[in-house]
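Participant: Can you keep this structure in mind? I'll have questions shortly.
The values are calculated or read from the model by the stated rules, or taken from the named source; none is laboratory data. These numbers were taken from a predicted model, which means no experiment stands behind them. Quick reminder, even Gly has a Cβ in these numbers, built from the backbone with ideal geometry, and neighbours come from all protein chains shown. Quick note on the areas: whole protein, heavy atoms, side chains included, nothing else; ligands and nucleic acids left out. Shrake-Rupley method; radii C 1.70, N 1.55, O 1.52, S 1.80 Å.
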Amino acid sequence: GLGLSYKKDENFGEWYSEVVVSGEMIEYYDISGCYILRPWSMSIWEILQGFFNAEIKKMKIKNSYFPLFVSPAVLQKEKDHIEGFAPEVAWVTKSGDSDLEVPIAIRPTSETVMYPYFSKWIRGHRDLPLRLNQWCNIVRWEFSNPTPFIRSREFLWQEGHTAFARKEESDAEVLEILELYRRIYEDLLAVPVSKGKKSELEKFAGGLYTTTVEAFIPNTGRGIQGATSHCLGQNFARIFEINFENEKGEKAMVWQNSWGFSTRTIGVMIMVHGDDKGLVLPPKVASTQVVVIPVTYKDANTQGIYDACAATVREMNESGIRAEADFRENYSPGWKYSHWEMKGVPLRIEIGPKDLANNQVRAVRRDNGDKTDIPMANLAEQVKDMLATIQQNLFDVAKQKRDACIQIVRTWDEFTVALGQKKLILAPWCDEEDVEKDVKARTKGEMGAAKTLCSPFDQPELPEGTLCFASGKPAKKWTYWGHSY
Ligand SMILES: O=C1CCCN[C@@H]1CCCn1cnc2ccccc2c1=O
């Protein structure tokens, strides 16, 4: 059909809601906060799954599957972890006409589902490390504005749950997994992220510390948690009695991690790369990387053009490029150009009478619109290079835009001005929780409160005597602050 009704830089929220539907990724569902993932988005999820499964297999992490349902007794076993989240837990209270004796929770995460069995399975140090992952759906009955991929009441994710004999092993794995999350964002989705540690206030309350990859949406000036890798310490081991007999024959508690990324990754990619013509897919995650369009006229050699298109698709597929031709007779070339641009296919190849005569094709990039005539000879190699160039360009452009939003501030006034300018703020902070709570209280507004996003592992120089922007106390670390999703 026609193009988008909303422009990304003028009505971002409406643009996003429209582009996920017009790009055929999402269909809205009749239950608020729930969305249908159509093949165009499910295929992206499957590519991310393929990457992650291959990487965790190298780490000897095994996939498993645990039940969707959690008994209330077990769910409430870990007090600090559940208290803040309780309102989001969905419960099954009936079957047919009759009430259940005891309501059953639907998993909002699976620590409490899995750990009673970790306790049963782990006896001696030879049972360690225990490293499981599961791909599943999660339900959290959120109330703040639902957004496809970004915030939904049901979403898909993977959650990894691991147990080790020693803290050093768990600390190491936390970072190993976080690096996989960075690769998912930067190498596959072409989205720049910052690796860092969450503050005590923002971390997972049931854990010891939380590491994160934080992304940023320039259009809204909001940070977004991309994926998290938590060191749980021995908190859950104590509660669920996950002990083992160590080499010295002593009874010891295990050290645990839990980590996850979700279909939110797809929403972040759309928000960062999409434009006023529709989705823009990075080639690495595009189920169709190249679409070939025959351009025929009434007296042209139609069959010759069709044969050239089919041969071009075959040659690209044989060299591992995901290509398809659009031979539909009832749509014009122009209509097809708009349609596949809306779906964000990274590269379009047009073949018309002139191209046929010159034994070449016309290649058009989705990221910057560049048109190039390519000889049919050795076409696949040229296309591979173009796809690699498009992938890199998408990342470079996104990184340049994100970096342009970063604002270093040293005083409260600079902080509030930068907040109002949709900046990603980097500020020296005293790392005191009360100060963070105070900043939240002082910045409450229609954008929500500003909060810490992470303290980047890559810390700029912090000269002696640098003061906290908010409290004036001696600063301890540089921290990213901002509004967030
Ligand atoms: O992030 C992850 C990664 C995957 C495994 N779980 C951890 C921690 C989940 C934290 N969390 C997040 N929302 C919740 C909502 C309701 C109940 C409990 C929770 C809850 O524990």
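Participant: What's the number of the only condition in (1) touching a strand residue (DSSP E or B) at 6+ places or on another chain (Cβ under 8 Å); (2) within 16 Å of the ligand (Cβ to nearest atom) that N246 fails to meet?
Facilitator: Of the numbered conditions (1) touching a strand residue (DSSP E or B) at 6+ places or on another chain (Cβ under 8 Å); (2) within 16 Å of the ligand (Cβ to nearest atom), the odd one out for N246 is (2).
Participant: Still on this structure, I have one more. Just the residues that are part of a strand (DSSP E or B) and more than 30 Å from K167 (Cβ to Cβ), please, taken from the stretch 125-154.
Facilitator: The answer is N137, V139, T147, R151, E154.
Participant: For the stretch 105-124, give me each residue that is part of a helix (DSSP H, G or I) and either within 12 Å of the ligand (Cβ to nearest atom) or surrounded by fewer than 17 Cβ atoms within 10 Å (Cβ to Cβ) (or both).
Facilitator: Hits for the stretch 105-124 are E111, T112, V113, M114, Y115, P116, Y117, K120, W121.
Participant: Shifting gears a bit: Go through (1) closer than 18 Å to K451 by Cβ; (2) assigned to a strand (DSSP E or B); (3) within 13 Å of the ligand (Cβ to nearest atom) one by one and return the number of the condition E214 breaks.
Facilitator: Unmet condition: (3).
Participant: Here's something else I'd like to know. Which of the following residues is assigned to a loop (DSSP other than H, G, I, E, B), touching a residue at least 12 places away in the same chain (Cβ under 8 Å) and either under 22 Å from F118 (Cβ atoms) or not basic (K, R) (or both): S199, S229, S258?
Facilitator: Going through S199, S229, S258 in turn, the sole match is S199.
Participant: Please pick out the residue among E173, E159 that is in contact with a Ser or Thr (Cβ under 9 Å, 6 or more places away or on another chain), open to solvent by less than 40 Å² (accessible area, probe 1.4 Å), more than 13 Å from the ligand (Cβ to nearest atom) and within 16 Å of E55 (Cα to Cα).
Facilitator: E173
Participant: Collect the residues in the stretch 280-323 that are open to solvent by 70 Å² or more (accessible area, probe 1.4 Å), touching a strand residue (DSSP E or B) at 6+ places or on another chain (Cβ under 9 Å) and in contact (Cβ under 8 Å) with a residue 24 or more places away in the chain, keeping them in residue-number order.
Facilitator: Result: R322, single match.
Participant: Restricting attention to the stretch 456-476, does a residue exist that is surrounded by 16 or more Cβ atoms within 10 Å (Cβ to Cβ) and within 21 Å of the chain's Cα centre (by Cα)?
Facilitator: Yes, the stretch 456-476 contains a residue that is surrounded by 16 or more Cβ atoms within 10 Å (Cβ to Cβ) and within 21 Å of the chain's Cα centre (by Cα).
Participant: Next question, about the same structure. What's the number of the condition N137 fails, among (1) crowded, with 16+ Cβ neighbours inside 10 Å; (2) within 15 Å of the ligand (Cβ to nearest atom)?
Facilitator: Condition not satisfied by N137: (1).
Participant: Out of the residues in the stretch 427-452 meeting the condition of being more than 20 Å from N145 (Cα to Cα) and open to solvent by less than 10 Å² (accessible area, probe 1.4 Å), tell me which one is nearest to the chain's Cα centre (by Cα).
Facilitator: If we take residues in the stretch 427-452 being more than 20 Å from N145 (Cα to Cα) and open to solvent by less than 10 Å² (accessible area, probe 1.4 Å), then T452 is nearest to the chain's Cα centre (by Cα).
Participant: Test T112 against the criterion of being at pLDDT 95 or above, β-branched (V, I, T) and farther than 25 Å from A205 by Cα, and give yes or no.
Facilitator: So T112 does not fit the description; no.
Participant: Go through the stretch 28-63 residue by residue and tally those that are of a type in the set (G, A, S), surrounded by 15 or more Cβ atoms within 10 Å (Cβ to Cβ) and part of a loop (DSSP other than H, G, I, E, B).
Facilitator: So the answer is 1.
Participant: Looking at E88, E55, E14, E27, can you tell me which residue is within 19 Å of the chain's Cα centre (by Cα) and of a type in the set (D, E)?
Facilitator: E55 is the lone residue from the list that is within 19 Å of the chain's Cα centre (by Cα) and of a type in the set (D, E).
Participant: G267 - would you say it is open to solvent by 10 Å² or more (accessible area, probe 1.4 Å), outside any loop (DSSP other than H, G, I, E, B), small (G, A, S) and away from the ligand (no atom under 16 Å from the Cβ)?
Facilitator: no
Participant: Looking only at the stretch 64-76, count how many residues are within 12 Å of the ligand (Cβ to nearest atom) and open to solvent by 50 Å² or more (accessible area, probe 1.4 Å).
Facilitator: 1
Participant: Also, I was wondering about something else. Among the residues of the stretch 287-323, which ones are in a loop (DSSP other than H, G, I, E, B) and not small (G, A, S)?
Facilitator: Hits for the stretch 287-323 are T288, Q289, V295, T296, Y297, K298, D299, N301, I321, R322.
Participant: Out of I425, I390, which single residue is touching a Lys or Arg at 6+ places or on another chain (Cβ under 8 Å), among the hydrophobic types (A, V, I, L, M, F, W, C) and within 23 Å of V191 (Cα to Cα)?
Facilitator: I390
Participant: Of all residues in the stretch 363-391, how many are in a strand (DSSP E or B), open to solvent by less than 70 Å² (accessible area, probe 1.4 Å) and within 16 Å of W340 (Cα to Cα)?
Facilitator: Matching residues across the stretch 363-391 total 3.
Participant: Inspect all residues belonging to the stretch 184-194 and state whether any of them is open to solvent by 10 Å² or more (accessible area, probe 1.4 Å), among the polar types (S, T, N, Q) and part of a helix (DSSP H, G or I).
Facilitator: No, the stretch 184-194 contains no residue that is open to solvent by 10 Å² or more (accessible area, probe 1.4 Å), among the polar types (S, T, N, Q) and part of a helix (DSSP H, G or I).
Participant: So, in the stretch 85-103, how many residues would count as being within 16 Å of the ligand (Cβ to nearest atom), touching a strand residue (DSSP E or B) at 6+ places or on another chain (Cβ under 8 Å) and open to solvent by 60 Å² or more (accessible area, probe 1.4 Å)?
Facilitator: Summing the residues that are within 16 Å of the ligand (Cβ to nearest atom), touching a strand residue (DSSP E or B) at 6+ places or on another chain (Cβ under 8 Å) and open to solvent by 60 Å² or more (accessible area, probe 1.4 Å) in the stretch 85-103 gives 1.
Participant: So, in the stretch 159-175, how many residues would count as being basic (K, R) and not in a helix (DSSP H, G or I)?
Facilitator: Total meeting the criteria: 1.
Participant: Take the residues of the stretch 140-152 that are of a type outside the set (S, T, Y) and surrounded by 19 or more Cβ atoms within 10 Å (Cβ to Cβ): which is nearest to R123 (Cα to Cα)?
Facilitator: R140
Participant: Are any residues in the stretch 217-230 within 11 Å of the ligand (Cβ to nearest atom) and open to solvent by less than 40 Å² (accessible area, probe 1.4 Å), and if so, which ones?
Facilitator: Listed by number, the residues that qualify are A227, T228, S229, H230.
Participant: Restricting the search to the stretch 3-23, which residues are in contact (Cβ under 8 Å) with a residue 24 or more places away in the chain and open to solvent by 60 Å² or more (accessible area, probe 1.4 Å)?
Facilitator: K7, D9
Participant: Let me confirm something: among D458, D434, which residue is assigned to a helix (DSSP H, G or I) and among the acidic types (D, E)?
Facilitator: Every option except D434 fails the conditions.
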